[in-house]
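Participant: This structure is in structure tokens; I'll ask about it shortly.
Only the coordinates and a few stated rules stand behind these numbers; no lab work does. What you see is a predicted model, and the numbers here were worked out from it, not measured in a lab. Cβ: placed from backbone, ideal geometry, glycine included. Neighbour counts: every protein chain shown.
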Amino acid sequence: MSTLLVEGVTVRFGEVIAVNDVSLSVDVGVTGLIGPNGAGKTTLFDVISGLRRPSAGRVVLDDLDITARGPHQRSRLGVARTFQRLEVFGSLTVWENVVVALESRRRSSRLATGLLERVGIAEFASNQADTVPTGAARLLELARALATDPCLLLLDEPSSGLDRAETDAFGELLRELVGEGRSVVLVEHDMDLVMGYCDQVHVLNLGQLLTSGTPSEIRAHEGVREAYLG
Amino acid sequence: MTALLAYTIFGLVTGGAYAVVAGGLVLTYSTSKVFNVGHGAIGMVMAFLYWELAENRGLPQWLALLIVVGVCAPLFGLLIERFVMRRLAGAPIGITLVAGVGVLVGLIGVAQVIWPPQARPVRPFLDQLGVHIGQSFVSGHDLVTLVCAVLVAAGLYLLLNRTRTGLAMRACVDAPELAALYGTRPHRLSAMSWAIGSALAALGGILLTPVVQLDYVTMTLLVITAYTAALVGRLRSLPWTFVGALGLGLVQSYAVAYLPSSQFWISFRAAIPALLLFVVLLAMPQSPLRIGGVRGSRGVAVPTGVATGVGAGLFAGVVVVLALLVDSVVAGQLALALVFGIVLLSMVLLTGYGGVVSLGQFTFVGVGAVTVARLGSTSVFSLLLGALVAAAVGALIALIALRVSGLYLALATLGFAQLMDKLVLQSPIAFGVRGSLQVPRLVESASAQLLVAAGVFALVGAGVLAVRRGRLGRRMIAVKDSSAACATLGMNVRWIRVWVFSLSAAIAGLAGGLFAQLRETVAASDFQLFNNLPLLLFAVIAGVTSVSGAALGGLLLMLLPVLQSGFPALAGVAVVLLGVAAAGLARDPNGLVSWFFRAWSWRRA
């Protein structure tokens, strides 16, 4: 059984079709979502997390149709995400950012320090969140998402702003999360990360699903090379 | 049938004048993204100036009109753009709103100093001319108004759609940096739109003077009608703005003609623009959760529980000493300052922490005051009941206005304040139109009043700080910084907003009860819409993010009328300075008190 099914999702902005009849499935493991800029990746994340209503199509989580549910209801069903354009709570400290997320799910605020250590930004705990480096802010969004104990984690370009060593540590963290039985969807431009850690990759181009497959199948696919990998 | 025709013509004429004003508002908003709350005040001052030239100095009407609309108003628009609004481009909505309120209050101050209150009749244009259509008479002034409206509509349309400047103006809204790269000069375009916008405000104001009297507040608030029309066009579309303005003119005209003339319906008529503002806002599509960018603001450091206790203790000591030393008049005034301080505490919660700008906070004070006054006996119990009723009203308005946020929410609170004033506070169940209510005092002597007010202020202040340190405070700030992230973390953003609104309204309602029993006589005019504007202004000037800011703001609010009665001219100057200060300080929501804090920490360092 798939964790997440996206069925025939279409998103229109006036005349422009940002996502056109996309269907895909996500299982436990790491699923890559790649494609050139403007392919509709982030829009699809917005649809899955409930921030945007699709013009057509359904979103199904663990056999439950969640298309009509609001973002906070989806969060309670186990969907969490990070943002490509950062959405940390800039007026709060890094620690408070995680505590807000824990409290919203009625979990103990004592877990916050552990979560910050897990993603590797404990040193910033008492800094105001809009003052930390971009890489740390991305990891903060990850810690905040993990604070809701999600079964489906949507990560939007998490590695931008991380150096090589940090990216490797992040990859290992991905493996751990999958080991805990979570499904992770990764929108990423770092192909080493995508090819090294994903079990399944979906390729979007101009709002349409170009192809799906394992990393090696994607690498071999003609259309993908033309559209994206070059 | 002839009556219908007459009222239709009258409605179209008034609507035409509204359209001129609203067109200017849309033009400035769509090119500078600053919503000018002071738009109506510009029209007001320019109408006074026109009176000065045409009636007082005896210039020909056309020359006066030309000087005011063609020279003075555009120059004034340029000045405002250059020295106030340009610095605010891209600033959060609360800040631009406060700058506009500063301009508004400053302009009213100017008008009061230069033109002290007296009757100022203004001759209509072309009063010897006129046309009979059937049995109804269309005066020359009406014709001039209609012609002006048509010319303005056509002119704006041509400017925006048929000229390079107009194209550049429209490009600047979407991406000023990009437009600059292609050789346009966003500042120059923005300046131009402010010049034209001010000229239109002046023209509309002058055209309306024979209909409404030349009065500071009435003319300034006439702009509510212009807001409503502009909102019909979603602040972007000029054609829809004109349709909205004409529609409003017609609705008002028909209301005069066909609604019964009992007291309630007279109040209802006055409330029509606000009611329509509300309806239009509620019909707007739901604002999507904003995504993108880190938003953070640095508040003044939040004291710990121990520090709060020590601070409250010190405060209590100072107040007790004051209560022993000062005479009863000063004690009464200090008590009033602290009551205002409590109102400002409600804004610390709502605006300072929650980031919601309310232009209707004084209305909740009125609800608390009415409740206590109607109960007829003052006790701790009735004060709490007043707070509870205000909280219920606050929750109601939050639920109704949940769909909108930012600027639209602020305008909704403005509409709400006007509605409550006309339909509830002035109704027989509350104060009555010109009525007032007697309220027995909780404690008799002025020094005891001071102690009571100080006690409540300390309690509420400590409570507000406790909220800030706790779970609800973190959530409020999180919602302010990123409501989208909050939603994806499982928070029901709407309910948090309802909580914040009703908690803040409860504090304001509590202050209202205290206010009523301190004053002993309260009337609807104590809580009218206009009182909300100085409130927001002082909140921001003194500091809307801290308890000490609320105390300072309360003191300033209390001093303003004292100054006004003692030295009217000086008070006018003070109001102008306040307006300028707000516009300047608007960038720093922590206000004056944060300067003291900074000076203090610098000394210690």
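Participant: Excluding A:Val47 itself, calculate the net charge of residues whose Cβ lies under 15 Å from the Cβ of A:Val47, where each Lys or Arg counts +1 and each Asp or Glu counts -1.
Facilitator: With Lys, Arg at +1 and Asp, Glu at -1, the net is +3.
Participant: Can you pull the one-decimal nm distance between simple spin-label points at B:Arg188 and B:Val131, each 7 Å off the Cα toward Cβ?
Facilitator: Placing both labels 7 Å along Cα→Cβ, they lie 4.1 nm apart.
Participant: Another question, then. In percent, what relative contact order does chain B have, based on Cα pairs under 8 Å that are 6 or more apart in sequence?
Facilitator: Once divided by the residue count of chain B, the mean separation gives 22 percent.
Participant: Search the structure for amide H atoms under 5 Å from the amide H of B:Arg185, placed 1.01 Å from N in the peptide plane, and list their residues when 5 or more places away or on another chain.
Facilitator: none
Participant: B:Ser190: net charge of surrounding residues, Cβ under 11 Å, Lys/Arg +1, Asp/Glu -1, itself excluded?
Facilitator: +4
Participant: Also, I was wondering about something else. Any idea how far apart B:Ala448 and B:Asn161 come out in nm if each label point goes 7 Å out from Cα toward Cβ?
Facilitator: A separation of 7.1 nm, rounded to one decimal place.
Participant: Can you list the residues of the range A:116-152 with backbone N under 19 Å from a point 7 Å past the Cα of A:Ala165, pointing along Cα to Cβ?
Facilitator: So the set is A:117-125, A:133-140.
Participant: To continue, here is another question. Where a ≥ b ≥ c are the square roots of the eigenvalues of the C-alpha gyration tensor, would you call the range B:305-600 rounded, which needs a/c under 1.5, or, failing that, prolate if a/b is larger than b/c, or oblate?
Facilitator: rounded
Participant: What's the exposure ranking of B:His39, A:His189, going from fewest to most Cβ atoms within 10 Å?
Facilitator: Starting with the residue having the fewest Cβ neighbours, the order is A:His189, B:His39.
Participant: What is the magnitude of the charge dipole of the protein assembly as shown about its Cα centre, with +1 placed on the Cβ of each Lys and Arg, -1 on the Cβ of each Asp and Glu, and no other charges, expressed in debye to the nearest 20?
Facilitator: 1340 debye
Participant: Fewest Cβ neighbours within 10 Å first, please rank A:Glu15, A:Glu123, A:Glu141, A:Glu87 accordingly.
Facilitator: So the residues, fewest neighbours to most, are A:Glu15, A:Glu123, A:Glu141, A:Glu87.
Participant: Using the Cα gyration tensor of the protein assembly as shown, with a ≥ b ≥ c the square roots of its eigenvalues, what is the shape: rounded (a/c below 1.5), prolate (a/b larger than b/c) or oblate (neither)?
Facilitator: Note, shape of the protein assembly as shown comes out oblate.
Participant: Only sites in a loop by DSSP and with at most 14 other Cβ atoms within 10 Å count here; which GluC sites (Glu not before Pro) in the range A:174-224 make the cut?
Facilitator: Passing sites in the range A:174-224 are A:Glu180.
Participant: Further, regarding this structure: Report the FRET efficiency, 1/(1 + (r/R0)^6), for A:Thr67 and A:Phe13, where r is their Cβ-Cβ distance and R0 is 22 Å, rounded to 0.05.
Facilitator: With R0 = 22 Å, the Cβ-Cβ based efficiency is 0.75.
Participant: Determine the shielding of peptide B:473-482 by partner chains: average, over its residues, the number of Cβ atoms on other chains within 10 angstrom of each Cβ.
Facilitator: 6
Participant: Calculate, for A:Glu217 and B:Met284, the FRET efficiency according to 1/(1 + (r/R0)^6) with r their C-beta to C-beta distance and R0 45 Å; round to the nearest 0.05.
Facilitator: Using R0 = 45 Å, I get an efficiency of 0.40.
Participant: Suppose only helical runs count, i.e. DSSP H with n ≥ 4. What mean residue ellipticity at 222 nm does that imply for chain A under -39500 (n - 2.57) per run, divided by all residues and rounded to the nearest 500 deg cm²/dmol?
Facilitator: The helix-only estimate for chain A comes to -9500 deg cm²/dmol at 222 nm.
Participant: Please list B:241-252, A:157-168, B:119-130, B:444-455 highest first by mean number of surrounding beta-carbon atoms within 10 Å per residue.
Facilitator: B:241-252, B:444-455, A:157-168, B:119-130
Participant: Can you find, among B:Gln517, B:Pro121, B:Ile507, the residue sitting farthest towards the positive end of the charge dipole of chain B, where Lys and Arg contribute +1 and Asp and Glu -1 at Cβ?
Facilitator: B:Ile507
Participant: Another question, then. Sort B:Val103, B:Val150, A:Val16 so that the residue with the fewest other Cβ atoms within 10 Å of its own Cβ comes first and the one with the most comes last.
Facilitator: Fewest-to-most Cβ neighbours within 10 Å comes out as A:Val16, B:Val150, B:Val103.
Participant: Report, as an integer, the average count of C-beta atoms from other chains found within 10 Å of each Cβ along B:59-71.
Facilitator: 0
Participant: With a ≥ b ≥ c taken as the square roots of the eigenvalues of the C-alpha gyration tensor of chain B, please select rounded if a/c is under 1.5 and otherwise prolate if a/b is larger than b/c or oblate if it is not?
Facilitator: Because a/c hits 1.5 or more and a/b exceeds b/c, chain B counts as prolate.
Participant: Further question: Taking 0.36 nm per residue of separation and subtracting the Cα-Cα distance, what length does fully extending A:Arg225 through A:Asn127 add?
Facilitator: 31.0 nm
Participant: May I ask you to derive the relative contact order of chain A, considering only C-alpha pairs under 8 Å and at least 6 residues apart, and to give it as an integer percent?
Facilitator: Reported relative contact order: 27 percent.
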